[in-house]
Amino acid sequence: MSKRHEKLGIKQTIRLEWLQKTTRLMLAGLDAQTIRQELHEFLSCKKGSGAHSIRSDNTRTFVVNNLMNIWVTPEPELVAFRDAALALLREDSSQLLAIHWGMISAAYPFWFNVALHTGRLFALQDQVTQSQIFARLKEQYGDREVVARNTRYVVRSLVAWGVLIDAKNKGCYDSAKPLTISDTNVAALLFEAILLATPDAKASLGSLVGSPACFPFQMPGLSGSVVTQSSERIGLARYGLDEEMLELR
């Protein structure tokens, strides 16, 4: 198990447009040090709520570190995945939300697990609450204030991304209409992100297609061979007559 799977990491709300800014800087060919400086300047008066006001050095540094760890200087085992995700953004940015979702889920499995439990709750009911999400997460991470706090940051990020909608009652959320994933390569990227966010790095194809962690998306039905053709980093094994298992090579 990688240390990625153990840490929480999300210490501030992360807005989608901040990730877009990061990848635009990368696609412009800037080096890591320059990107870090640009992000500090960019976020100097931007808060997670969307408000424009001066933020402290500490809170800005937390966010910049997250953005750098997700895209610019990811863990070594994520570099090839990051390169593939960046290539997809370079070719077609129409499904950028899904690409950023995959990248942040791989870099911070805690984000993935918040999404996973949120999706499971939506499968049972029309609305979810922050307390319900935390109740499930504490079974995995422990009943600690830091877990509750980081859960709030991820939930507010999901609202900022537009995949959760604030309901009338505070702390209650509706799910937005799922976005259709039409690009086979983007779908394969999301499957790979799930494998990277899962400690044993393997799962059945059926569980990947219907993963609650991808509740913001309508996933296409793909065969295992199509997925492995889209990513050389994923291997395919067959069990029984029709069970396909995917795992990281």
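Derivation of every value follows stated rules applied to the coordinates shown; laboratory data play no part. What you are looking at is a predicted structure, and each value in this text was computed from that prediction instead of being measured. Counting neighbours? That spans all protein chains shown, and the Cβs are built from the backbone with ideal geometry, glycine included.
Observations, loosely collected:
- Per-peptide average of other Cβ atoms within 10 Å, ordering 31-40, 14-23 highest first: 14-23, 31-40
- Relative to the globular-protein estimate of 2.2 N^0.38 Å, the Cα radius of gyration of segment 179-248 stands at 1.00.
- Packing rank of 215-222, 172-179, where each peptide gets the mean count of other beta carbons within 10 Å, highest leading: 215-222, 172-179
- Normalising the Debye intensity of the chain to I(0), with uniform scatterers on Cα atoms only, and taking log10 at q = 0.10, 0.18 Å⁻¹ returns -0.47, -1.55.
- Largest mean-square fluctuation among 24, 120, 144, in a Gaussian network model of the chain whose springs join Cα atoms under 10 Å apart, belongs to 144.
- Each of residue 44 and residue 184 was given a label point 7 Å from its Cα along the Cα-to-Cβ line. The distance between the two points is 4.8 nm.
- Here the spin labels are modelled as points 7 Å beyond Cα on the Cα-Cβ line, and at residue 65 and residue 91 they lie 3.5 nm apart.
- For the pair residue 6 and residue 232, a Förster radius of 25 Å applied to the C-beta separation gives a FRET efficiency near 0.35, rounded to the nearest 0.05.
- Sum of -39500 (n - 2.57) over DSSP H runs of 4+, divided by residues of the chain (222 nm, nearest 500): -16000 deg cm²/dmol
- Projecting label points 7 angstrom from Cα along Cα→Cβ for residue 148 and residue 24 puts them 3.8 nm apart.
- Stretch gain in nm, segment residue 33-residue 225, where the contour uses 0.36 nm per residue and the Cα spacing is subtracted: 65.1 nm
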